[in-house]
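The values are calculated or read from the model by the stated rules, or taken from the named source; none is laboratory data. Remember, predicted model here, so these are calculated numbers, not experimental data. All Cβ positions, glycine included, derive from the backbone under ideal geometry; neighbour counts span all protein chains shown.
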Amino acid sequence: MTSITDPLEARRRAIESARSVVVKVGTRVVTDAEGKLDHRRIELLSAQLARIADTGRQTLMVSSGAVGAGLGKLGLDQRPSGLAQLQAIAAVGQTDLIQAYENAMSKSGRHVAQVLLTAADLRRRSAYLHVRNALNQIHAFGAIGIVNENDSVAVSELMTTFGDNDRLAAQVAGLLNDAMLIILSDVDGLYDGSPENPGSSRISIVETIGDQILGYAQDHNSAHSKGGMASKLEAAQVATAHGQATIIAPGRDDDVLDKIFSEVDIGTIFLPNNKTIRGRRRWIGSAARVAGSLNLDTGATQAVCQQGGSLLAIGIVSVNGSFQRGSVVSLHDPNGQEIARGLCNYPSSEVEKIQGQPSERISEILGHRPYESVVHRDNLVLNAGYEPT
């Protein structure tokens, strides 16, 4: 983490440049200690979202809370582990959740639009673009989209920390131009130690998310929600790689969003990377389904990571998975770490035949050579969190 000359000025520039805003709120923020919806909190957040929208910014809320609301509505004290039970509880709670936002937002003269997504909805390029178009039209109608993971039909999303909506929020932000991602949490921001430790200090601004910053993550779970600081930092990595500032801020502060847009030093802001990802490469790096992986030698790893090169067949050591031409594949260094993702120009059956071979031999081996590279640089996205070992 490097020193920033003027943190407040950097924060001001990041906020002023945001033309769209995605606010993610977690279960512990929108529910009370018993797991029931906190209608007062939802009204406070809705009023502030409306004020952001009044500035002309496209405004979206990614809201957890369906399972928590369902637990409260059904009078359950603990989150069950059964998948069917969780799906049913989410279905019961989702109606209360969206109605609470609609009632609160109507006081500001706006409607809400319910958008239920799973990770699969963003993996196909065509579906990804359809979701983006729908969100843009919701904004054009003057409504505020309330996005939630479709827990009633999702499977792995409910059973893993991906279900906490942090990564979903980063992917939704990736659909928009010049966006800012705000993650409202039950902690005040990122601390350089345990938040409960009096000796720990809140970090106001982060320029680069490296090993030191990742080491500050303090994960914790509760009976009504999942996830923790590690998943929030992962979301911040995705968003900042897209060129989007990210703020982790205290969701239980009654004026948290107003304070952020008044440029108050609240929470932790993560500044966007200098080299940002846009267009199709943004989809490749964060949302697309990974169909297989390629293991690279040291030379290919350096060419891709340090020299800005495409991936050539000669640098591929082995192929994992069965995939078609045009599939998204993960590229791994000799230690098995993911270094990048990209669109593969050849199916796996052909990559297995040409791996380790110079490009000029591809025609001889396959009988054709439509592409010199296996993954072209223009269709390749580096892993922002990669640290060579």
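Miscellaneous remarks
- The stretch 261-276 - residue that is in contact with a strand residue (DSSP E or B) (Cβ under 6 Å, 6 or more places away or on another chain) and among the hydrophobic types (A, V, I, L, M, F, W, C) and, of those, surrounded by the fewest Cβ atoms within 10 Å (Cβ to Cβ): ILE266
- Selected residue (criterion: farthest from VAL115 (Cα to Cα)) from residues of the stretch 58-85 that are among the hydrophobic types (A, V, I, L, M, F, W, C) and crowded, with 22+ Cβ neighbours inside 10 Å: LEU71
- Candidate set from the stretch 202-212 (those that are outside any loop (DSSP other than H, G, I, E, B) and modelled with pLDDT of 90 or more); member that is farthest from GLN237 (Cα to Cα): ARG202
- For GLU364, the criteria (1) out of contact with any Pro (no Cβ under 7 Å at 6 or more places or on another chain); (2) charged (D, E, K, R); (3) surrounded by 13 or more Cβ atoms within 10 Å (Cβ to Cβ) hold in every case but one, which is (3).
- Subset of the stretch 267-285 that is within 30 Å of ASP255 (Cα to Cα) and either assigned to a loop (DSSP other than H, G, I, E, B) or without any contact (Cβ under 8 Å) to a residue 24 or more places away in the chain (or both) - its residue that is farthest from the chain's Cα centre (by Cα): GLY267
- Residue list for the stretch 140-158, filter: at pLDDT 95 or above and either among the charged types (D, E, K, R) or farther than 25 Å from ASP96 by Cβ (or both): ALA140
- Listed by position, the strands (runs of 3 or more DSSP E) inside the stretch 286-370 whose residues that are in contact (Cβ under 8 Å) with a residue 40 or more places away in the chain number at least 3 are 290-296, 328-332, 338-343.
- Residue within the stretch 315-332 that is within 23 Å of VAL172 (Cβ to Cβ) and either touching a Gly at 6+ places or on another chain (Cβ under 8 Å) or of a type in the set (A, V, I, L, M, F, W, C) (or both) present: yes
- Residue count for the stretch 371-385, restricted to those that are in a loop (DSSP other than H, G, I, E, B) and surrounded by fewer than 15 Cβ atoms within 10 Å (Cβ to Cβ): 1.
- Candidate set: the stretch 172-201, residues that are assigned to a strand (DSSP E or B) and of a type in the set (Val, Ile, Thr); chosen: the one surrounded by the fewest Cβ atoms within 10 Å (Cβ to Cβ): ILE182
- Residues of the stretch 354-389 that turn out to be closer than 24 Å to GLY285 by Cβ and charged (D, E, K, R), as a count: 4
The rows are residues; the columns are (1) at positive phi; (2) within 22 Å of the chain's Cα centre (by Cα); (3) among the hydrophobic types (A, V, I, L, M, F, W, C); (4) surrounded by 19 or more Cβ atoms within 10 Å (Cβ to Cβ).
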{"position": "TYR101", "(1), (2), (3), (4)": "no, no, no, yes"}
{"position": "HIS111", "(1), (2), (3), (4)": "no, no, no, no"}
{"position": "ALA119", "(1), (2), (3), (4)": "no, yes, yes, no"}
{"position": "ARG125", "(1), (2), (3), (4)": "no, yes, no, no"}
{"position": "HIS139", "(1), (2), (3), (4)": "no, yes, no, yes"}
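- Any pair with Cβ under 8 angstrom, 6 or more apart, that starts in the stretch 185-211 at a residue that is touching a residue at least 40 places away in the same chain (Cβ under 8 Å) and in the same structural domain as THR27 (by TED's automatic domain parsing) and ends at one that is loosely packed, with under 15 Cβ neighbours inside 10 Å and among the hydroxyl-bearing types (Ser, Thr, Tyr): GLU207/THR2; THR208/THR2
- Once the stretch 294-319 is narrowed to residues that are among the hydroxyl-bearing types (Ser, Thr, Tyr) and crowded, with 18+ Cβ neighbours inside 10 Å, the residue that is farthest from TYR386 (Cα to Cα) is SER310.
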